[in-house]
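Contents: one structure, followed by commentary.
The values are calculated or read from the model by the stated rules, or taken from the named source; none is laboratory data. These figures come from a predicted structure and were not determined experimentally. Reconstructed Cβ throughout: ideal geometry from the backbone, glycine too, with neighbour counts over all protein chains shown.
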Amino acid sequence: MEKPFPTDHPVHELLRRRWSPRAFDPHRRVPPEAIASLLEAARIAPSCFNEQPWRFLVFDGEDAEALERARDCLVPGNAAWARRAPMLILSVAQERWSRDGTPDRWGQHDVGLSTASLLLQATALGLAAHAMGGFDADRARRSFGIPDGFTPMAMIAVGYFGDVETLEPKQKAQELAPRQRKSMDGIVFHGAWDRPYRLEAREEPTSR
């Protein structure tokens, strides 16, 4: 299922096509070479001082028991659809700098960059990927031995697109609803807070 975003200004087609579906095909596993590409895209993302504070736990059919425990970490609203995904990935952020142990204020930001790279690579491969904050981080920490100094950030469902008709009515409505974002005026400011950046077309200077 394609659901390209109706952008107001030109962007790369990959960005328009990336979205967060809920309908997954539970019978079609993600091949190893595709998983490798997803994780490589995450690995090469930018980070502050090249700290690379991201870690990823992969749960797939190779370890069905671990995958089931990862599914059990999901909140009910997400579990209702994400359990059909054949694969989950948990992103984790290192909280402190490796060099001196002081807090890394940018670490979670950088894990977000890495996750975005993974999601875009999924789109390029024709995969469905949906990152979720709705999971029990403490349970994940206990279940998978995540040490102190690392924060579970998002559970990412990965697989191939499935049948929308398998979703519950509320989820189906969300799947089919138009995509929306805040206007540019509400998020981009020019020189000072709350002074919107204006994108009116400017005339090209004429040569004389």
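Points worth noting:
- Identity of the residue in the stretch 35-48, in contact (Cβ under 8 Å) with a residue 12 or more places away in the chain and more than 16 Å from the chain's Cα centre (by Cα), that ends up surrounded by the fewest Cβ atoms within 10 Å (Cβ to Cβ): C48
- Scanning the stretch 108-138 for residues that are touching a helix residue (DSSP H, G or I) at 6+ places or on another chain (Cβ under 8 Å) and small (G, A, S) yields a count of 8.
- W81 closer than 16 Å to P21 by Cα, surrounded by 15 or more Cβ atoms within 10 Å (Cβ to Cβ) and modelled with pLDDT of 95 or more: yes
- Qualifying position, being among the β-branched types (V, I, T), buried (at least 18 other Cβ atoms within 10 Å of the Cβ) and over 14 Å from A128 (Cβ atoms), among V75, V30, V58: V58
- Strands (runs of 3 or more DSSP E) contained in the stretch 52-155 and holding at least 2 residues under 25 Å from Q171 (Cα atoms) and of a type outside the set (V, I, T): 87-94, 128-132
- Restricting attention to the stretch 11-27, the residues being under 16 Å from G162 (Cβ atoms) and either surrounded by fewer than 17 Cβ atoms within 10 Å (Cβ to Cβ) or touching a helix residue (DSSP H, G or I) at 6+ places or on another chain (Cβ under 6 Å) (or both) number 6.
- Failed criterion for H12 (all others in (1) under 14 Å from L119 (Cβ atoms); (2) under 17 Å from the mean Cα position of the chain (by Cα) hold): (2)
- Matching residues, the stretch 15-28, being in a loop (DSSP other than H, G, I, E, B) and within 19 Å of the chain's Cα centre (by Cα): R18, W19, S20, P21, R22, A23, D25
- Hey, A173 out of contact with any Asp or Glu (no Cβ under 8 Å at 6 or more places or on another chain), within 30 Å of Q94 (Cα to Cα) and not in a loop (DSSP other than H, G, I, E, B) or not: no
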